[in-house]
Amino acid sequence: MNLPGFNKKTFFHRSFVDRVKSLAQYYIGNSLKIAPPQIITFRFVAKSQSCFVYSGCDGFYKYRPSQTAFSEKHMSLRSFRKLADYAADGESEFFFWGEDISKSEDFFGYLDYLSLKAVPCRILTIGGVDERILPYITKGIIKEIIFSFEGHPSQKHYKAFPEVMNMYQSALNAINLLKDFQLTSPVKSKVSGSMIISEFNYYFLDEMLAWSKSRDLDYFYFFHGNSILPSHAGAHASKFYDTFQLSSDSWRDRVSECNTIDSAILIPQMRVIQKNIRKQSHIFTPDLKPWQISPYYTDYNYTAGFDRCYAPWFIMNVFENGDVVSCANFPDYPLGNIAESSIDEIWNGEAMRKFRSEIMLCDRLPLCTRCSCLYS
Ligand code: SF4
């Protein structure tokens, strides 16, 4: 079953999001069972968490110990097949997230089964992919590979982390491999980059723009800063507890004491990028106007008019151990495990329904104001 009139595009596409939002309102208003998700995000938990080293944050280790342990419990092929069958029946698309993803032997087993069922996927990776990915591009199931860069190797900050530099180099090698492949293959996947704007990189967006152009990337996604201040975190903790009668700590890796982005430096760079880019090739999330930048980085209640999150209606998040979560920020709010329950029972189960209806009632939790899903 699929949402009526659904026009499948990437979830970054505005008309797609508007369509899903109106359908989500219709479904909740009429207490209908929610159709299978448009996107199943499959999260490989990074082995080294170098993405968090980028931003100098050790919160991931501290607040997500259970999540880091997930990476030790691989999903059985049987469970993966169950998930892929569900995706094929619901016409869902897979979105793999992880670090150096093609180093996982499981990954190619997953791609084999997705190929068999003709389920399309996108991949977001920190680090590279190797040539074993190419046959799956030829089969037409990989729509896009996105390389995540949280900085630029010329930066002193990153040079201090040899592991990060190695990941950057393996991403670069992978981009060269894929761009060469694009020249000769009749079937292509998009090759893109992304970065989260942070206090460590906001002053050289123009360099990242030049870099992405020099690599001829199909898209470059800039995500505005996603951390919150400790004062805002306190409001979130109490609201989460009042709403779900549960203490959740997993999101605390998003709290930063040093969120000091100078809008006066960021705004002129964004103006240059927005003037010079090819249409829709460089995408900012949220898509802020210059006058919205300063409030976004100083007032953590500010949402630039994006007031309600619809992600729980169209994105399912699954971890490597089979746990399904409401959204990646709350892995400690359990919904179920695909090895133990039917996927539809989890997606339309009591815990997920409660999560959706609470989000619908309150519009958003305090943390949501700096989650890119609110703005997608
Ligand atoms: S905006 Fe809030 S509810 Fe939506 S995905 Fe993000 S944290 Fe979860």
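The values are calculated or read from the model by the stated rules, or taken from the named source; none is laboratory data. A quick note: this is a predicted structure, and the numbers were derived from the prediction, not measured. We place every Cβ from the backbone using ideal geometry, glycine too, and count neighbours over all the protein chains shown.
Just a few scattered comments:
- The residues of segment 111-145 that are part of a loop (DSSP other than H, G, I, E, B), crowded, with 18+ Cβ neighbours inside 10 Å and aliphatic (A, V, I, L, M), listed by number, are V119, V129, I141.
Residue-by-condition table, conditions (1) surrounded by fewer than 21 Cβ atoms within 10 Å (Cβ to Cβ); (2) not small (G, A, S):
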residue	(1), (2)
N176	yes, yes
Q182	yes, yes
F200	yes, yes
Y203	yes, yes
S212	no, no
R215	yes, yes
G225	yes, no
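- Subset of segment 87-106 (residues that are among the aromatic types (F, W, Y) and surrounded by fewer than 21 Cβ atoms within 10 Å (Cβ to Cβ)): W97
- Test: I315 is within 11 Å of the ligand (Cβ to nearest atom) and either among the polar types (S, T, N, Q) or surrounded by 15 or more Cβ atoms within 10 Å (Cβ to Cβ) (or both): yes
- Counting residues in segment 262-272 that are part of a loop (DSSP other than H, G, I, E, B) and either aliphatic (A, V, I, L, M) or more than 18 Å from G127 (Cα to Cα) (or both) gives one or more.
- So R271, is it in contact (Cβ under 8 Å) with a residue 40 or more places away in the chain and touching a helix residue (DSSP H, G or I) at 6+ places or on another chain (Cβ under 9 Å): no
- Scanning segment 320-352 for residues that are part of a helix (DSSP H, G or I) and within 14 Å of the ligand (Cβ to nearest atom), we see that the one that is nearest to the chain's Cα centre (by Cα) is M352.
- Checked against the criterion of being under 22 Å from I34 (Cβ atoms), out of contact with any Pro (no Cβ under 7 Å at 6 or more places or on another chain) and part of a helix (DSSP H, G or I), segment 73-82 has at least one qualifying residue.
- Residues (assigned to a helix (DSSP H, G or I) and either away from the ligand (no atom under 12 Å from the Cβ) or under 21 Å from P36 (Cβ atoms) (or both)) located in segment 353-376: R353, K354, F355, R356, S357, I359, M360, L361, C373
- Taken together, the residues in segment 232-259 that are at pLDDT 85 or above and not β-branched (V, I, T) amount to 15.
- When Y297 is tested against (1) at pLDDT 90 or above; (2) touching a Gly at 6+ places or on another chain (Cβ under 8 Å), exactly one condition is not met: (1).
- Failed criterion for F240 (all others in (1) more than 19 Å from the chain's Cα centre (by Cα); (2) within 16 Å of the ligand (Cβ to nearest atom); (3) surrounded by fewer than 17 Cβ atoms within 10 Å (Cβ to Cβ) hold): (3)
- Residue list for segment 201-245, restricted to those being assigned to a loop (DSSP other than H, G, I, E, B) and out of contact with any strand residue (DSSP E or B) (no Cβ under 9 Å at 6 or more places or on another chain): Q245
Okay, residues lined up against (1) at pLDDT 85 or above; (2) among the aliphatic types (A, V, I, L, M); (3) touching a strand residue (DSSP E or B) at 6+ places or on another chain (Cβ under 7 Å); (4) assigned to a helix (DSSP H, G or I):
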position	(1), (2), (3), (4)
P153	no, no, no, no
Y158	no, no, no, yes
S170	yes, no, no, yes
S192	yes, no, yes, no
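- Taken together, the residues in segment 290-301 that are exposed (fewer than 15 other Cβ atoms within 10 Å of the Cβ) and assigned to a loop (DSSP other than H, G, I, E, B) amount to 2.
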